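Presented below is the structure to which this report refers.
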Number of protein chains: 2
Amino acid sequence: MLVIPNGDRVAVRRAATRLEILEAAWEVARSKGLVELTLRDVADRVGMRAPSLYGHFASKNAIYDAMFEQAWSDYEATIPDLEGALPSHPRTAMRVIAAHFYDFTATDLARHQLMNQSVIAGFAPSAEAYAPSVRVLERAHRTIVALTGARTEDVEVWVALVGGLINQHHANDAGGSRHRVLLDRGVDMWADAVGLPPDDQQ
Amino acid sequence: MLVIPNGDRVAVRRAATRLEILEAAWEVARSKGLVELTLRDVADRVGMRAPSLYGHFASKNAIYDAMFEQAWSDYEATIPDLEGALPSHPRTAMRVIAAHFYDFTATDLARHQLMNQSVIAGFAPSAEAYAPSVRVLERAHRTIVALTGARTEDVEVWVALVGGLINQHHANDAGGSRHRVLLDRGVDMWADAVGLPPDDQQ
DNA sequence: GTCTATACTGTGATAGAC
DNA sequence: GTCTATCACAGTATAGAC
């Protein structure tokens, strides 16, 4: 019979509670807004009082920090599937990559605000929480260069373009699909400028 | 001798006080942050107590509202000079227009956050405050179409691109000039895709 | 008519009892 | 570990001083 040391049992339970709190925080953020989230709301949802959360997180910003890391880690976890099924044609592949990130971030305002904007007053992600987003961007950069031969400068323009279209979506068209059309058009413009050959669809 | 009716005198003084409060609010926003601005800070700077501000603005968000309108009106006021001195070559002109907006908004974080992002919790600009920004965008749209013959869709991509680069500037490079280079590159890409002829510089 | 004093509510955070 | 009690500070409503 397996003997679990007492310390591990405690650690496992603590980690589970942390996850439960984070899940509640996401629900609150999605229902009443990321900025409007309060510790009392989160505590209610896990059946605690607000001060008890401080036994698991050092501050409200520490909760945001963990959510930030979680969001980018979740996205990172989707990349292998994406890259495994990438079309061979570079232009089509760039469309797919853009749409993949767009879909992940345009469907969830709270997640988008946390990942891509600085909407929370005194909050900036810690170095550890920032790490997954850095990995994602570096990996995207390598993939795009390998795929298209674009220069670093042009990859940064591509990132700004995709980000700008997602912002526009949330500002003007939240819920609509109009900006998906603009996204394809924007990627095509970029592909033209970088010199990618046309593909079959269109 | 000019006789000023009493009602006008009062109205003039009230308008002056409003402007004084707004100016103080901008100073606070620039020094300690747009979101971190408090009514007590603003009141201190104009020599009042916080509740007294309610004699001039209905709420804190009403102050943000007036600041929003002011920022876009100020930008609108710079357009005639810009368009009067626009280079005849379409590609160069698009570079100048982009740089003009970029410079206005990239040099002042508080103003950028208020004009282009939704960083304030419960605040959305009123219809009246929104009007100048709508006028600016519509005028830019007409100017760009007249200049380049671009389709509406492509103009929207251009707007998203410029906005995305400004966001990147504030997120990664605040104070630096690296994104000015990317801006020119981005505009060039767009110009290529829209079919503008090359210009002399470059 | 303009500002102040006071107070109410809700927030994040801390201290100490159990 | 979680609770209760409490704090400091925010926006804001109201009543009254001058």
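Please list log₁₀ I(q)/I(0) at q = 0.07 Å⁻¹ for the protein assembly as shown, using the Debye equation with identical point scatterers on the alpha-carbon positions.
Normalising to I(0) and taking log10 leaves -0.41.
Hey, got the average number of other protein chain Cβ atoms within 10 angstrom for residues in A:108-118? Provide the component values of the computation, followed by the final result.
On the way: counts 0, 1, 0, 0, 0, 3, 0, 0, 2, 6, 8.
Mean inter-chain Cβ contacts per residue within 10 Å come to 2.
When Cβ neighbours within 10 Å are restricted to other protein chains, what is their mean count per residue of peptide B:166-173?
3
Could you run the Karplus curve 6.51 cos²θ - 1.76 cosθ + 1.60 with θ = phi - 60° over the range A:176-181 and give me ³J(HN,Hα) per residue in whole Hz, x for Gly and Pro?
Result, rounded to whole Hz: x, 10, 4, 6, 5, 5.
For the range B:3-76, what is one quarter of the convex hull surface built on the Cα atoms, given in nm²? Mind dumping the intermediate values first?
Values: hull surface 23.4 nm².
It is 5.9 nm².
Taking the Cβ of A:Thr105 as the center, what net charge do the other residues with Cβ under 12 Å away carry, scoring Lys and Arg +1 and Asp and Glu -1? Each step should come with its number before you reach the end.
Values: positive: A:Arg111; negative: A:Asp74, A:Asp103, A:Asp108.
Within the 12 Å Cβ shell, the charges total -2.
Can you check what the net charge comes to around B:Ser52, using other residues whose Cβ is under 15 Å from the Cβ of B:Ser52 (Lys, Arg +1; Asp, Glu -1)?
That works out to +4.
For A:Phe101, B:Phe104, what ranking results if the residue with the fewest other Cβ atoms within 10 Å of its Cβ goes first?
With the sparsest Cβ surroundings first, the list reads B:Phe104, A:Phe101.
How would B:Asp108, A:Asp81 line up from fewest to most surrounding beta-carbon atoms within 10 angstrom?
Working: B:Asp108 16, A:Asp81 9.
Ranked by crowding around the Cβ, least crowded first: A:Asp81, B:Asp108.
When chain A is treated as a GNM, springs tying every alpha-carbon pair under 10 Å, which of A:Ala11, A:Ala85, A:Ala191 comes out with the largest mean-square fluctuation?
A:Ala11
At A:Ser31, label 7 Å along Cα→Cβ: distances to the other copies, nm, ascending?
For A:Ser31, the inter-copy label distances come out at 4.2 nm.
If the label for A:Arg151 sits 7 angstrom from Cα along the Cα-to-Cβ line, what are its distances to the same label in every other copy, in nm to one decimal, shortest first?
Its label point is 2.9 nm from the equivalent points in the other copies.
Please arrange B:Thr143, A:Thr105 by how many other C-beta atoms lie within 10 Å of their C-beta, fewest to most. Write down the numbers at each step before the final one.
Working: B:Thr143 18, A:Thr105 22.
Exposure proxy ranking, most exposed first: B:Thr143, A:Thr105.
So what's the net charge close to A:Ser126: Lys and Arg +1, Asp and Glu -1, counting the other residues with Cβ under 13 Å from its Cβ?
Working: positive: none; negative: A:Asp65, A:Glu69, A:Glu128.
Overall, the nearby charge balance is -3.
At what distance in nm do the modelled label points of B:Ser73 and B:Val145 sit from each other, each positioned 7 Å from its Cα along Cα→Cβ?
With each label placed 7 Å out from Cα toward Cβ, I get 2.8 nm.
Counting only helical runs of four or more DSSP H residues, what would the 222 nm mean residue ellipticity of the protein assembly as shown come to if each run contributes -39,500 (n - 2.57) and the total is spread over all its residues?
One gets -24500 deg cm²/dmol as the mean residue ellipticity at 222 nm.
State to the nearest 20 debye the size of the charge dipole of the range B:1-136 about its Cα centre, where the only charges are +1 on K and R beta carbons and -1 on D and E beta carbons.
About 240 debye.
Treat chain B as a sphere of radius equal to its Kirkwood radius over Cα pairs and apply Stokes-Einstein at 25 °C in a medium of 0.890 mPa s; give the translational diffusion coefficient in µm²/s, rounded to a whole number. Before the final figure, lay out each step's value.
Numbers: Rh = 19.0 Å.
This corresponds to a translational diffusion coefficient of 129 µm²/s.
If you stretched the chain out fully between B:Thr38 and B:Val181, how much longer would it get, using 0.36 nm times the residue separation minus the C-alpha to C-alpha distance?
Working: separation 143, 0.36 × 143 = 51.48 nm, distance 3.68 nm.
So the chain would gain 47.8 nm between B:Thr38 and B:Val181.
Report relative contact order for chain B in percent, whole number only (criteria: Cα-Cα under 8 Å, sequence separation at least 6).
Dividing the mean separation by the residue count of chain B yields 22 percent.
Counting only Cβ atoms, what residue of chain B lies nearest to the axis that sends chain B onto chain A, and how many whole Å off?
B:Gly164, 1
Relative contact order, percent, of the range A:30-147 when contacts are C-alpha pairs under 8 Å separated by at least 6 residues?
Numbers: 63 pairs, mean separation 43.4, N = 118.
So the answer I get is 37 percent.
FYI, it's all coordinate maths here, none of it is from the lab. Being a predicted model, the structure only gives us computed values, none of them experimental. Every residue, glycine among them, receives a Cβ derived from its backbone with ideal geometry; neighbour counts consider all protein chains shown.
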